[in-house]
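What follows is one structure encoded as structure tokens, with my remarks underneath.
What follows draws every value from the coordinates through simple rules; no lab data is involved. From a predicted model like this one, the values you see are computed outputs, not experimental measurements. Please note: Cβ atoms are built from the backbone with ideal geometry, for glycine as well, and neighbour counts cover all protein chains shown.
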Amino acid sequence: MNGFNFEVDKTSAVPIYSQITSWIESKVTTGEWPPNYRLPGEIELARMLEVSRGSLRKAISQLIKKNLLVQIHGRGTFVSPFVFEQSWSGNLMGVSEELLLLGIPFETEVLEQNIIPAPANIADALNLNPGEPVFYLKRLRRVEGSPLVLHENFFSGKKYHELLGEDFTKDSLMETLEKRYNISIAWASHTIAVVRANASLSDALKVPLSDPLLYNEHILFDSEENPVNLARSWYRADRYRMRTIVHRRPNETFYASLKREISPANQTQPGAETKAALDIKDLLTPNRIRTRVYAEDADDAIRIAGRLMVDSRAVEERYIESMLSMAKQLGPYIVISPGVAIPHARPEDGVLRPCLSLITLDPPVNFGNTENDPVSIVLAIAAVDDSQHIHGLRLVARLLSDDIKRAKILKAKSREDILLLLEE
């Protein structure tokens with residue numbers, strides 16, 4: 001192994017220059033080689049990598065075409081001075097605002113700006129009817145003459161039709177909304193994925209067909225929780241990185257963290273709460289509650305909780321086996337806090353309608369979690385989609401994180417006792 005931790009795989013069908021290209025690209029895009037980093041000279045680098053100068057030159061040539069490297073006559077080969085790193089730590093800022101803040105010159109080209117009928121998925125995200133007019137804005141941002149990101153934005157055409165008259169080659173979209181239209185932007189939900197460049201994206205962003213792109217779909221919400229804008233952005237993966245900082249509260253139990261109210265900043269998708277806005281009394285009905293149950297072991301306890309769901313016709317029989325299978329996959333992690341287990345399975349495993357079932361165990365049963373065993377409360381969850389699953393977890397968290405209520409559940413002699421707790 002050489003000093004640069006790179007070794008050519010001579011048995012691979014991938015050409016040596018392509019292996020070198022990928023290795024150097026990873027050094028640049030991860031920031032290990034920062035902007036303006038000077039690479040060793042060709043002779044020295046070829047020796048360090050144990051490759052021919054021809055293969056190295058071909059790799060460097062490929063990376064120069066992608067604007068990742070630059071060569072300066074008489075000085076050497078350098079990492080391009082521009083790889084944009086956007087901060088996602090607390091502040092909601094647009095790309096143009098971050099570029100301005102960093103002092104990076106950029107150009108914005110408006111490719112399309114008009115009113116179009118709302119496609120069904122766009123209408124759903126913006127709480128509109130399919131076919132309603134939406135204001136559509138498509139822009140391409142360039143840095144140092146090279147494309148960085150392609151943006152698409154959708155707004156209610158009835159409410160924001162005056163955006164047709166704005167010059168978004170010069171003006172920031174976020175600033176225009178806030179200063180000219182008095183819109184108070186409060187938060188955004190983001191869905192991020194890696195996608196492959198199709199023909200139109202390849203042409204716009206000047207990347208090879210099927211090259212990886214970083215895709216970000218987000219929805220902006222105002223201070224009154226109304227969706228303002230759906231945005232779709234495709235970033236060149238070789239020129240863009242995102243950086244974020246998250247914190248974990250010390251010694252916080254799983255359900256204590258879930259108990260915190262779902263805030264706009266943490267909500268994973270608009271309307272998740274309203275889609276799943278069932279009260280715990282709706283989900284945990286009397287026929288799905290049993291107290292002081294004897295169970296031979298953890299599997300038996302899960303079967304008893306699952307049987308309550310099946311008998312109430314909320315799930316199919318197979319959901320019980322799916323919960324057992326999931327429990328084996330997750331192991332002791334389903335015991336989320338001292339004495340509490342939450343078995344569950346996927347919506348497609350036989351859920352007919354969302355529900356909870358609750359049993360208290362007498363005596364308690366070990367589930368294999370050395371820290372949180374033995375288990376006295378089993379609260380099973382069945383949800384028809386992911387948002388309802390999260391909603392169910394939060395309802396459970398709010399119930400079980402209350403020490404007084406949890407103690408009362410353990411002492412309950414009948415389902416009526418637990419139902420009274422739910423009424424409080």
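Could you check which residue among GLU107, GLU32, GLU144 shows the biggest mean-square fluctuation in a GNM of the chain with a 10 Å Cα cutoff?
Of GLU107, GLU32, GLU144, the most mobile in the Gaussian network model is GLU32.
With the cut-off at 1.5 for a/c, could you classify the stretch 274-424 from its C-alpha gyration tensor as rounded, prolate or oblate?
rounded
Where in the stretch 209-224 does the label zone of GLU132 land, with the point 7 angstrom along Cα→C-beta and an amide N cut-off under 19 Å?
218-224
Would you be so kind as to identify which of PRO347, THR21, GLY131 lies farthest towards the positive end of the dipole of the chain, taking Lys and Arg as +1 and Asp and Glu as -1 on Cβ and the Cα centre as origin?
Value computed over the given set: THR21.
Just going by the charge dipole of the stretch 122-237, with Lys and Arg at +1 and Asp and Glu at -1 on Cβ, which of LEU213, HIS151, THR191 is farthest out on the positive end?
LEU213
Between (i) 1.27; (ii) 1.40; (iii) 1.06, which matches Cα Rg over 2.2 N^0.38 Å calculated for the structure shown?
Only one option fits the structure, namely (i).
Compute a Gaussian network model of the chain, connecting alpha carbons closer than 10 Å, and tell me which residue from THR30, THR244, THR77 fluctuates the most.
Judging by the Gaussian network model, the answer is THR244.
Taking a ≥ b ≥ c as the square roots of the Cα gyration tensor eigenvalues, with a/c under 1.5 meaning rounded and otherwise prolate when a/b beats b/c, else oblate, which class fits the stretch 16-79?
rounded
For the stretch 1-160, what does the alpha-carbon gyration tensor say about shape, rounded, prolate or oblate, given a ≥ b ≥ c as the root eigenvalues, a/c under 1.5 as rounded, and a/b over b/c as prolate?
The shape class here is prolate.
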